[in-house]
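Here is the structure we will look at.
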Amino acid sequence: MLDAPPMAAPDPTAVAWRLAIPALIFSGAVQSVISPPINLWWLHPVSFVPALWVLRRLGGGRALLAGWLMGIAANAAIFPWIVHTVQTFSNLPTWAAVLCLLAFAMVWGFYGAVFGWGLQPILRRAGAWWPVAAAAWFTACEYLNPQLFPYYQGVSWYQQPAVFLVTGLTGVPGMTFGLLLCNAVLLALWLHRRDPTAASRRALQRGAGTLALCVVVALGYSQLRLHKIDAAEATAPVTRLGMVQTNLDVFRARAMRQRSRFANVNTYIDQATEAVQADPDIDVLVFPEGGLRGTASAPHNMRARQFVRDFDVEIWTGAGTLAKWPDGTTGFQNSAVRIFGDGEVS
């Protein structure tokens, strides 16, 4: 019986990449559930830990590609509706629409490549302050928005005013810094538990201390703002809004408009009438963008102007306006429109 050939030793690089690739994809794709409409915001303080674990070990071209993979995963997970949109407004097949999504994700996901490429050199120079430096580098990169970074991470906490109102002091990048710092501190804690050294302890202490200061400032400033908002709301006049939405898809809305030039305004005014009859305290009816076709003052939109007079309400919507450009030419542009209770259009 022949002896079996000796098995080759596992390639440690290949093993590492088998762990690294899922970690990078997770940190990117999880942004889709942190963001609206799912809003699992509590995942944010831990979502970048896997990517930071990978990127801190890489440099140069490998770091660039790894960060790019994270960015591609994020954009592909956040914007899958691009496939449906391309199919709806073009004759492209499904596979071509998927390629459009991939191309979009590769272009806008390049922000991850920039972050990954610069991370290791910055951490090396930061020494024990590396958790703070990692958060500061990501936040600094966000200032490339919108030319490169398509999204501010801190925006996802808009539903948590107890801390988010610190953006009145720092802007949204202040929230981004705190979130990335929390991720970096958790990574520092994990690294220290695996290999407790004086250097890892200093990094953990400095990162945690800075994070604690950020939390105190965010909570304190946000509480002050909340008290001022509560006081202002207590004495502010109240405007009751009614939201009008047909819930028609693109094809049915298009078919409705083709029936008659009055179809659009008639549909929305019928719904608005039903709303104010059910709730006479409504002050303003809000129509979607394009709720009125053409300009609000056009003859075919006369019913909207009569409606506000009949019920003493306002309509806020989007419509076209005839604008005069700086070169003297005129043309239609998309505008926000307000129709007052006397029928005047602003």
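Quick notes on this structure:
- Among the DSSP helices (H) of the chain, those spanning at least 30 angstrom by Cα along their long axis with an average Kyte-Doolittle hydropathy of 0.5 or more are 172-194; this is a geometric and hydropathy rule only.
- Only Lys, Arg (+1) and Asp, Glu (-1) charged, at Cβ; the chain dipole about Cα centre in debye: 1160
- If you take all other residues with their beta carbon under 14 Å from the beta carbon of residue 186, and give Lys and Arg +1 and Asp and Glu -1, the sum is +3.
- Each peptide in 114-123, 193-202 was scored by the mean count of other Cβ atoms within 10 Å over its residues; highest first, the order is 114-123, 193-202.
- Difference of contour (0.36 nm per residue) and Cα-Cα distance, residue 95 to residue 219: 39.9 nm
- Per-residue ³J(HN,Hα) for region 161-167, Karplus 6.51 cos²θ - 1.76 cosθ + 1.60, θ = phi - 60°, Hz, x for Gly and Pro: x, 4, 10, 5, 5, 5, 5
- For region 263-346, accessible area per residue (1.4 Å probe, heavy atoms of protein chains only), Å²: 53
- Residue 263 versus residue 19: modelled label distance in nm, points set 7 Å from Cα along the beta carbon direction: 6.0
- Projecting the alpha carbon convex hull of region 251-293 along each direction and taking the average yields 3.3 nm².
- Cα gyration tensor shape of region 204-251, rounded if a/c is under 1.5, else prolate or oblate by comparing a/b with b/c: oblate
- Heavy-atom accessible surface of region 79-174: percent carbon and sulfur, 1.4 Å: 73
- Peptides ranked, highest mean first, by Cβ atoms within 10 Å: ranges 46-54, 101-109, 257-265, 311-319: 46-54, 311-319, 101-109, 257-265
- Taking 0.36 nm per residue of separation and subtracting the Cα-Cα distance, full extension of the segment from residue 247 to residue 87 would add 55.7 nm.
- Projecting the Cα atoms of 121, 151, 73 onto the dipole axis of region 38-195, where Lys and Arg carry +1 and Asp and Glu carry -1 at the beta carbon, places 121 farthest toward the positive end.
- Working note: Debye formula, equal point scatterers on the alpha-carbon atoms of region 66-175, no solvent; log10 I(q)/I(0) at q = 0.11 Å⁻¹ is -0.47.
- Surface/4 estimate of mean projected area, convex hull on alpha-carbon atoms of the chain, nm²: 28.7
- Accessible solvent surface per residue of region 101-146, calculated while the other protein chains remain in place, 1.4 angstrom probe, Å²: 44
- In this calculation the C-beta distance from residue 240 to residue 198 is compared with R0 = 56 Å, giving a FRET efficiency of 0.35.
- Sorting 241-250, 268-277 by average packing, meaning the other beta carbons within 10 Å per residue, from highest down gives 268-277, 241-250.
- Sequence-separation-based contact order of the chain, relative, with Cα cut under 8 Å and 6+ spacing, percent: 11
- Here the extension length gained between residue 230 and residue 274 equals 12.6 nm, from 0.36 nm per residue of separation less the Cα-Cα distance.
The values are calculated or read from the model by the stated rules, or taken from the named source; none is laboratory data. Keep in mind it's a predicted model, so treat the numbers as computed, not measured. Methodologically, a virtual Cβ is constructed for each residue, glycine included, from the backbone with ideal geometry; neighbour enumeration extends over all protein chains shown. Quick note on the areas: whole protein, heavy atoms, side chains included, nothing else; ligands and nucleic acids left out. Shrake-Rupley method; radii C 1.70, N 1.55, O 1.52, S 1.80 Å.
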